[in-house]
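Quick one: structure below, then a few questions.
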Amino acid sequence: MVVYGATLLNIALGLAVLTIGLMVVYLRKGDYRLFLTGQRTALGISFLVFLATIVLVSNLLKSNFSIDYVAKYTSLETPFVYKLTALWAGQSGSLLFWLFILSVYATIVVLQNRFRYHQLMPYVISVMATIQLFFLLMVNFVANPFNPIDAVVPVIDGMGLNPLLQNPTMAIHPPILYLGYVGFSVPFAFALAALFSNRLDAMWVRSIRRWTLFAWLALGCGIILGGWWAYLELGWGGYWAWDPVENASLMPWLTGTAFVHSIIIQEKKNMLRVWNMVLIITTFVLVIFGTFLTRSGIVSSVHSFTESSLGPMFLWFLLLIIAVSVFLIILRLKDLRSEKKMESFISRESGFLFNNVIFVSLCFAVFWGTLFPVISEAVRGTKVTVGAPFFNQIAVPMGIILLLLTGIGPLLAWRHTSRKSLVRNFSIPVVVGLITFLISFLFGIRSLYPLMTIGISGFVTGTLVMEFYRGIRVRVKKFDENPFAAFIRIISKNRSRYGGYIVHLGIVLMFIGFVGKAFDEDNEWALKVGDQVELAGYSITLTNVEEEERPNHYAWIASLKIEKNGEHFTDLYPEKRIYFHNNPDPNRRQPHSEVDIYSSFKEDIYSIFGSIDTETDVISLKIMVNRLIMMVWIGGYLLLIGTVIALWPSKLSV
Amino acid sequence: MNKKFTVVIVAVVLLVVFWVAMGVERNELPYATIGELENYQGKLDGKRFRLGGNVQEGSIVRDKTNPLLVEFIIEQGEETLPVNYHKITPDMFKDGVEVIVEGEFVNGTFQADNLMTKCASRYEGDIRQTQMTETKL
């Protein structure tokens with residue numbers, strides 16, 4: 001079985017080379033049979049990758065510890081599901097998984113476009129096969145998941161999967177993130193194909209609209225799930241730390257978001273054609289860069305895989321992508337340039353343009369901050385880091401500007417907006433914004449950024465509600481529908497527009513959740529049973545500490561009675577666990593704080609059992625009161641719902 | 001019109017670059033080695049640093065009655081440095097692990113307010129266990 005897996009990857013590598021070769025010859029000679037064969041070999045690469053993945057998964061499930069990877073990431077006691085998810089727990093397995101998802105996409109692209117886009121497809125297939133080739137080189141020669149174990153005696157049991165990774169959210173966070181990451185390779189392939197073939201009309205943009213939205217959605221969901229997992233499992237009470245690897249996933253999301261907006265201009269107005277090329281290429285470069293950052297160890301991150309020899313190969317691949325793209329864009333610059341010009345600052349186009357400028361600037365700031373230790377070491381010789389305060393200082397004002405544009409942009413008309421329509425569209429939302437601003441001021445909020453965010457959120461919500469209201473009113477008048485039916489109709493008649501609005505509403509909610517962060521309270525105490533402490537109007541009593549031995553860990557369970565205004569409010573049971581507590585080697589035992597959270601719309605009470613002194617029975621406890629954090633998750637759901645609505649195929653288009 | 005747009009966009013971009021540069025200036029934190037601290041002879045108090053190293057075997061002392069008071073020593077090759085930390089320690093924090101500490105010198109001792117651990121040996125995928133310094137929006 002082991003041999004099969006490695007052999008499958010070998011043959012796939014050969015097929016990738018063959019596919020690229022066939023397409024190149026087809027493009028020179030024009031013999032259509034070559035193209036058809038190339039299509040089949042392209043499908044063949046993916047098929048072999050599927051088989052190789054199945055071989056690795058079945059070995060993981062069967063606990064075949066003669067494979068190094070299986071022995072490193074699973075053990076006999078690893079639950080079934082997590083034997084499966086071990087596929088992406090380590091370096092080589094996750095590379096194969098990347099390749100697997102890429103192959104799923106490649107298969108869909110080839111099959112879906114068998115009879116379409118004849119000028120583009122040879123190039124699209126070649127580009128996808130080249131990306132596959134790169135990852136095949138990796139898994140064949142640098143990090144082969146089928147490597148046999150380097151041990152003389154047979155291994156009885158593997159090392160097991162990190163207990164932190166044994167969590168449902170964590171099981172789905174990487175695949176969803178990968179779906180997004182890898183998904184951008186499809187629009188990238190179409191962009192390069194358009195450049196190669198010089199078919200620069202709106203066709204390539206239309207062909208990738210849904211792919212782009214899908215990749216963008218998956219990446220966004222992956223990021224949110226990662227934050228959610230960190231919040232539920234990691235026990236520091238936050239969801240975003242501006243860690244290099246988090247930033248690596250945020251950067252392509254930012255440029256991707258810019259792209260999702262700016263392709264609308266190209267579709268409707270045939271403008272920004274050079275810019276769109278630059279954006280999608282940048283996004284894909286950032287995807288590869290992110291994959292590289294996670295695996296090269298050039299910046300110290302808590303997420304990173306061990307340092308490995310993958311780094312240089314990734315850099316060469318990055319350079320290749322950038323060189324080819326830049327060359328092609330320069331070559332086609334004349335044809336790409338748009339005839340049309342911007343007409344007014346107060347227009348939809350200009351709104352989109354500024355949205356793009358801010359998104360890309362924000363991405364640049366994140367990039368700079370993430371790589372600053374590397375840059376400063378190269379330039380000044382000393383390693384200097386900039387932490388979360390830097391990122392917040394930059395991202396918060398830019399985020400607020402973006403939020404404002406979310407409200408303004410959709411209400412501006414194409415080309416030029418008249419003063420009359422400005423007044424008509426904006427007067428009510430502006431009043432709503434001012435009222436929310438005043439109310440929050442009266443409630444005692446005095447810091448500038450939260451006040452602005454709340455006020456602007458009110459304004460944006462106002463614009464969104466107005467948009468829905470207008471759409472519904474027109475239908476009610478015209479077709480005599482009831483308002484609810486009209487509501488459903490306007491969405492289904494114009495999915496991308498209203499789906500987009502729902503996404504915007506989700507973003508507003510997330511910003512409200514971010515604002516809540518400014519009002520969080522927390523404290524840490526050393527407590528004995530019976531002790532009572534106070535935080536944010538709650539009084540917290542440690543009523544009991546119990547001990548319990550469970551199948552693969554030992555647990556201390558603290559019972560906390562939470563009271564508010566003298567009345568019983570809720571109980572929380574945070575735990576301190578020691579995983580693998582029976583292991584004779586103390587270094588193999590793994591402490592873990594299992595947090596307990598009381599959630600509500602207004603605030604979460606987040607409890608962390610820090611440590612216990614088994615002699616004196618004193619425990620350390622941290623309680624955080626996290627305001628409005630649930631809005632972030634609800635906003636995430638709206639983002640998902642809105643994008644799915646926008647993605648949903650209408651009867652006419654394919 | 002396109003010229004006007006170019007001017008405005010260039011202005012926005014310059015503003016961002018300026019803002020980022022200022023942000024770096026204000027928030028930069030030297031990532032020093034323990035050896036490099038000697039260069040600051042006598043001027044350490046009140047200076048903020050980010051330091052890396054491994055927790056010296058057997059150096060972790062936790063107060064019996066107040067587990068929030070922790071002292072330990074980090075080592076980097078031959079150099080060592082005692083560290084005080086007054087918060088809940090991350091789960092991965094134990095003898096021998098690689099840690100990154102942030103904090104400042106108070107009367108000559110390093111008072112860390114942020115302790116991050118890396119687990120290098122056991123798992124390939126390292127997992128964050130940090131007590132983050134509160135960063136308010």
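The values are calculated or read from the model by the stated rules, or taken from the named source; none is laboratory data. None of the values given here were measured: they were computed from a predicted structure. Positions of Cβ are generated from backbone atoms using ideal geometry, with glycine treated the same way; all protein chains shown enter the neighbour counts. These area figures cover heavy atoms from the full protein model, side chains too; ligands, DNA and RNA do not enter into them. Shrake-Rupley method; radii C 1.70, N 1.55, O 1.52, S 1.80 Å.
Once label points are set 7 Å from the Cα along Cα→Cβ at both B:Lys64 and B:Asp45, what is their separation, rounded to one decimal in nm?
In this crude label model, B:Lys64 to B:Asp45 measures out at 3.3 nm.
To the nearest 100 Å², how much accessible surface do chains A and B hide from each other in total, with a 1.4 Å probe?
When A and B are taken together, about 6100 Å² of accessible area is lost.
To continue, here is another question. Obtain the nm distance between the two label points defined at A:Glu549 and A:Arg40 by a simple spin-label model: each point lies 7 Å from its Cα along the Cα-to-C-beta direction.
The two pseudo-label positions are separated by 6.4 nm.
Right, something else. Report the FRET efficiency, 1/(1 + (r/R0)^6), for B:Glu25 and B:Gln76, where r is their Cβ-Cβ distance and R0 is 25 Å, rounded to 0.05.
Result of the calculation: an efficiency of 0.35.
At 1.4 Å probe size, what's the solvent-accessible area of A:Ser418? Round to the nearest 10 Å².
60
Given the options A:Ser344, A:Leu99, A:Val618, identify the residue whose Cα lies farthest towards the positive end of the charge dipole of the protein assembly as shown (+1 on Cβ of Lys, Arg; -1 on Cβ of Asp, Glu).
So the residue we want is A:Ser344.
Please list, in order, the residues from the range A:103-137 whose amide nitrogen is less than 11 Å from a point placed 7 Å along the Cα→Cβ vector of A:Val324.
The answer is A:123-134.
Count, for each residue of B:24-36, the Cβ atoms from other chains sitting within 10 Å of its Cβ, then give me the mean as a whole number.
Working: counts 11, 2, 4, 13, 9, 8, 5, 8, 3, 2, 0, 0, 2.
Mean inter-chain Cβ contacts per residue within 10 Å come to 5.
State the antiparallel share, in %, of DSSP beta bridges confined to the range B:1-85, rounding to the nearest 5.
Antiparallel bridges: around 85 percent, rounded to the nearest 5.
Just read off the accessible area of B:His86 with the full protein assembly in place, 1.4 Å probe, to the nearest 10 Å².
Rounded to the nearest 10, that gives 90 Å².
Quick check: residue separation of A:Asn147 and A:Leu422 times 0.36 nm, minus the Cα distance between them. What number comes out in nm?
Full-extension gain reported as 92.5 nm.
Another question, then. Given a Förster distance of 60 Å, report the FRET efficiency between A:Asp585 and B:Phe18 from their Cβ-Cβ distance, rounded to the nearest 0.05.
The calculated FRET efficiency here is 0.65.
Right, here's the next one. What percent do you get for the relative contact order of the range A:7-48 when only Cα pairs under 8 Å and 6+ apart count?
Answer for the range A:7-48 is 54 percent.
Oh, and also: For A:Phe569, what charge total do you get from the other residues with a beta carbon under 11 Å from its beta carbon, if Lys and Arg give +1 and Asp and Glu give -1? Write down the numbers at each step before the final one.
Values: positive: A:Lys561, A:Lys564; negative: A:Glu563, A:Glu567, A:Asp571.
Every neighbour counted, the sum reads -1.
Just read off the accessible area of A:Val260 with the full protein assembly in place, 1.4 Å probe, to the nearest 10 Å².
30
Relative contact order of chain A: what whole-number percent is it, with Cα pairs under 8 angstrom and at least 6 residues apart?
9
Along the Cα-to-Cβ line of A:Tyr637, 7 Å from the Cα, sits a label point; which residues in the range A:169-188 have backbone N less than 18 Å from it?
A:169
Hey, what's the protein assembly as shown come to in accessible area per residue, 1.4 Å probe, Å²?
For the protein assembly as shown, the per-residue accessible area is 43 Å².
Related question: Considering only protein heavy atoms, with the full assembly of protein chains and a 1.4 angstrom probe, order A:Met138, A:Met159, B:Met116 by accessible area, largest first.
The residues order as A:Met159, B:Met116, A:Met138, largest area first.
What 222 nm value per residue comes from the helices of the protein assembly as shown, counting each DSSP H run with n ≥ 4 as -39,500 (n - 2.57) and dividing by all residues, nearest 500 deg cm²/dmol?
-19000 deg cm²/dmol
Which whole-number percent is the relative contact order of the range B:29-118 (Cα, under 8 Å, 6+ apart)?
Computed value for the range B:29-118: 29 percent relative contact order.
Quick one: how many lysine pairs does the range A:477-624 have with C-alpha atoms less than 19 Å apart and a gap of 8 or more or different chains? Give me the count, please.
For the range A:477-624, qualifying lysine pairs total 12.
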